[in-house]
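Data first, discussion second: the structure below is written as structure tokens.
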Amino acid sequence: MLSEKIVLNEERGVSLTVYVPDISDEMSNMKVKPGILIFPGGAYKFCSDREAEPVALRYAALGFNAFVLRYSLNEYAEFPTPLNDAQEAYDLIVSKSDEWHTDAKRIAVCGFSAGGHLAAALGTMGNPKPYACVLGYPCILDSTSDILAKPVPSLEKYVSEQTPPCFIFAASDDETVPIENSLKFSLSLTENDVPFEMHIFNRGGHGFSCADDVTVSNEESRAKCKDAEYWVNRSAKWLKELA
């Protein structure tokens with residue numbers, strides 16, 4: 001596997017880590033793969049390790065080239081700086097798609113919590129936009145600004161017919177980012193005829209990542225969110241089936 005870290009902005013600590021599995025003649029149908037650009041959560045205050053490399057490796061095992069962006073945080077997190085980071089990373093992947101054996105027309109984004117806000121921002125406000133968005137318990141509404149490093153725009157207001165298809169997952173017992181965020185975003189998608197699939201799990205709380213024993217080490221938390229592990233394989237299948 002090719003794994004390298006590319007510094008996009010040293011002062012702000014912005015970097016892109018690349019995970020591109022080796023090409024093999026034994027798997028000729030996988031010489032060019034879809035890509036997925038991952039934005040970890042962390043309230044725009046830090047980038048969660050649990051929502052970074054473990055997620056990338058899961059997607060890599062499912063046939064994707066994966067990329068993790070550590071974007072501008074804290075004093076540098078004022079919008080649209082993180083969005084500019086995301087756009088730069090996306091554009092870089094497109095420009096290096098031949099070198100990284102990635103289908104430039106099938107690069108999706110995946111974000112968690114504040115990273116979900118960033119993924120949804122790229123899907124609604126970016127140019128060009130990603131192929132699709134996978135949004136995990138995303139911050140969408142400006143009311144979440146209270147828990148974030150800097151105020152954020154309400155992204156349901158920016159959904160249009162040009163917004164790419166979205167896959168949304170969250171838990172109804174999330175006390176950190178209320179489920180209202182996902183529901184209002186899905187309503188805007190419906191109003192603009194944007195295809196989406198949404199999974200609201202009965203239990204899971206906030207920040208369950210892949211909901212497996214790698215990303216959730218506490219046994220009590222693992223038992224609470226174990227059913228949510230389904231989202232990883234389902235989202236990969238959904239991405240591959242998009243027309």
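The values are calculated or read from the model by the stated rules, or taken from the named source; none is laboratory data. Just so it is clear, the model here is predicted, and its values are computed rather than measured. In this analysis, Cβ positions are derived from the backbone assuming ideal geometry, glycine residues included, and neighbour counts consider all displayed protein chains. In case anyone asks, the SASA skips ligands and DNA or RNA and just uses the protein heavy atoms, side chains included. Shrake-Rupley method; radii C 1.70, N 1.55, O 1.52, S 1.80 Å.
Quick notes on this one:
- Pick from segment 52-78, criterion open to solvent by less than 40 Å² (accessible area, probe 1.4 Å) and in a loop (DSSP other than H, G, I, E, B), ranking: nearest to G41 (Cα to Cα): A52
- Boolean, V214 is open to solvent by 80 Å² or more (accessible area, probe 1.4 Å), in contact (Cβ under 8 Å) with a residue 60 or more places away in the chain and within 19 Å of the chain's Cα centre (by Cα): yes
- Failed condition for Y230, given (1) in a helix (DSSP H, G or I); (2) at pLDDT 95 or above: (2)
- Among the candidates D212, D173, residue that is in contact with a helix residue (DSSP H, G or I) (Cβ under 8 Å, 6 or more places away or on another chain) and farther than 13 Å from I140 by Cα: D212
- Going through (1) part of a strand (DSSP E or B); (2) closer than 22 Å to L83 by Cα; (3) open to solvent by 30 Å² or more (accessible area, probe 1.4 Å) one by one, M198 falls short only on (2).
- Residues of segment 15-27 that turn out to be in contact with a Leu (Cβ under 7 Å, 6 or more places away or on another chain) and farther than 20 Å from R58 by Cβ, as a count: 1
- R12, sole failed condition from (1) in contact with a Leu (Cβ under 9 Å, 6 or more places away or on another chain); (2) closer than 29 Å to E229 by Cα: (2)
- Residue within segment 118-131 that is open to solvent by 40 Å² or more (accessible area, probe 1.4 Å), charged (D, E, K, R), closer than 19 Å to F196 by Cβ and part of a loop (DSSP other than H, G, I, E, B) present: yes
- For C225, the conditions (1) modelled with pLDDT of 95 or more; (2) in contact with a Lys or Arg (Cβ under 8 Å, 6 or more places away or on another chain); (3) hydrophobic (A, V, I, L, M, F, W, C) all hold with the exception of (1).
- Pairs, first exposed (fewer than 10 other Cβ atoms within 10 Å of the Cβ) in segment 9-30, second modelled with pLDDT of 95 or more and not polar (S, T, N, Q), C-beta under 9 Å, six or more apart: E11/Y76
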